[in-house]
Amino acid sequence: MNYETLFHTITQDSRYQSNLDWGEPRPGHPEGTVRAHLIELEENLYRLRSHLSEEAYWKLKVLVHVHDTFKKDASKGVAIEDPRSHASLARRFLEEYCQDRDLLLMVQYHDEPFALYRQHMLKGRVNLSRLNKLRDSIQDWKLFLRFLLVDGYTPGKSLEPLLWSLENLALPLGLEPNMRLWLAALTEGREFQCA
């Protein structure tokens, strides 16, 4: 599959375009709109560019532009796997153009590490079956961890969920050095700090 062509196809879809200006400033997203969020993530992706193959770059660009685009149409407060969640809506949208199972699962589970982090902070423990399901679902962990960094290192977001992912996802997979290198590429010369 040509992921550059996929990117150009999805970004021309009227459903994608109609959702770009949805959103107002809120906790975790002080930038407000989906469009403003995408601009921030594009900058992060640019900072990682030298660490990416051409295919990985375009896969990440697809993930960046699909993952939150359907929040406007989603039901609030539903579980990540609920068909009405923004992740499920985004996955179904991408499924119309792409049969890359791993990419589809990354869209579906892009907020799962944050949900697991919150569970850990609120309850002092993590649902291990849920964590293991995530670990077993994703195949290309380098790509997924890079996406977590691109999406998670923005003004208004805490760095703690990324550090939690480093410890609980990257470290057990032997990818901690990679993630630290990618995080350094994102933070170098930045004018802001995560919350």
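The values are calculated or read from the model by the stated rules, or taken from the named source; none is laboratory data. This is a predicted model, so every value here is computed, not measured. So basically every Cβ, Gly included, is an ideal-geometry build from the backbone, and we count neighbours across all protein chains shown.
Cβ separations smaller than 7 Å between residues 6+ apart or across chains give the following pairs from the range 112-130 residues that are under 17 Å from Leu166 (Cα atoms) to residues that are surrounded by 13 or more Cβ atoms within 10 Å (Cβ to Cβ) and of a type in the set (Lys, Arg): Leu116/Arg130. Contact annotation: residue pairs with Cβ atoms under 8 Å, 6 or more positions apart or on different chains, pairing a residue in the range 175-188 that is without any contact (Cβ under 8 Å) to a residue 40 or more places away in the chain with a partner that is in a loop (DSSP other than H, G, I, E, B), are Leu183/Tyr153; Thr187/Tyr153. Quick check on the range 102-112. Is at least one of its residues surrounded by fewer than 19 Cβ atoms within 10 Å (Cβ to Cβ) and more than 14 Å from the chain's Cα centre (by Cα)? Among the residues of the range 102-112, not one is surrounded by fewer than 19 Cβ atoms within 10 Å (Cβ to Cβ) and more than 14 Å from the chain's Cα centre (by Cα), which makes the answer no.
Filter the range 5-59 for residues that are of a type in the set (A, V, I, L, M, F, W, C) and either exposed (fewer than 14 other Cβ atoms within 10 Å of the Cβ) or closer than 25 Å to Arg180 by Cβ (or both) and give the result. Ile39, Leu41, Leu45, Leu48, Leu52, Ala56, Trp58, listed by residue number. Scanning the range 12-28 for residues that are modelled with pLDDT of 95 or more and in a loop (DSSP other than H, G, I, E, B) returns Asp13, Leu20, Asp21, Trp22.
Could you please let me know if Asp73 is in contact (Cβ under 8 Å) with a residue 12 or more places away in the chain, touching a Lys or Arg at 6+ places or on another chain (Cβ under 8 Å) and of a type in the set (D, E, K, R)? No: the conditions fail for Asp73. Do we find that Leu103 is in contact (Cβ under 8 Å) with a residue 40 or more places away in the chain, touching a Lys or Arg at 6+ places or on another chain (Cβ under 7 Å), in a helix (DSSP H, G or I) and under 20 Å from Ala185 (Cβ atoms) in this structure? When the stated conditions are applied, Leu103 does not pass them.
Restricting attention to the range 77-89 and to residues that are assigned to a loop (DSSP other than H, G, I, E, B) and of a type in the set (Gly, Ala, Ser), the residue that is nearest to Pro113 (Cα to Cα) turns out to be Ala79.
I need the full set of residues from the range 91-108 which are of a type in the set (A, V, I, L, M, F, W, C) and within 18 Å of Leu134 (Cα to Cα), in order please. Scanning the range 91-108 gives Leu103, Leu104, Leu105, Met106, Val107.
Counting just the residues of the range 29-46 that are part of a loop (DSSP other than H, G, I, E, B) and in contact (Cβ under 8 Å) with a residue 40 or more places away in the chain, which one comes out nearest to Leu159 (Cα to Cα)? Ranking the candidates gives Pro30 first. Inspection of the range 44-55 finds a residue satisfying the criterion of being among the small types (Gly, Ala, Ser) and more than 17 Å from the chain's Cα centre (by Cα).
Considering only residues in the range 60-101 that are among the polar types (S, T, N, Q) and over 22 Å from Asn2 (Cα atoms), the one that is surrounded by the fewest Cβ atoms within 10 Å (Cβ to Cβ) turns out to be Ser75.
For every residue, the table says whether it meets (1) within 15 Å of the chain's Cα centre (by Cα); (2) within 23 Å of Lys61 (Cβ to Cβ).
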{"site": "Arg135", "(1), (2)": "no, no"}
{"site": "Lys142", "(1), (2)": "yes, yes"}
{"site": "Leu145", "(1), (2)": "yes, yes"}
{"site": "Tyr153", "(1), (2)": "yes, yes"}
{"site": "Leu175", "(1), (2)": "no, yes"}
{"site": "Thr187", "(1), (2)": "no, yes"}
{"site": "Arg190", "(1), (2)": "no, yes"}
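Taking the range 57-114 as the range and being closer than 15 Å to Asp140 by Cβ and β-branched (Val, Ile, Thr) as the test, the residues that pass are Val62, Val107. Each residue in the range 57-76 was checked for being within 10 Å of the chain's Cα centre (by Cα) and assigned to a helix (DSSP H, G or I), and 5 pass.
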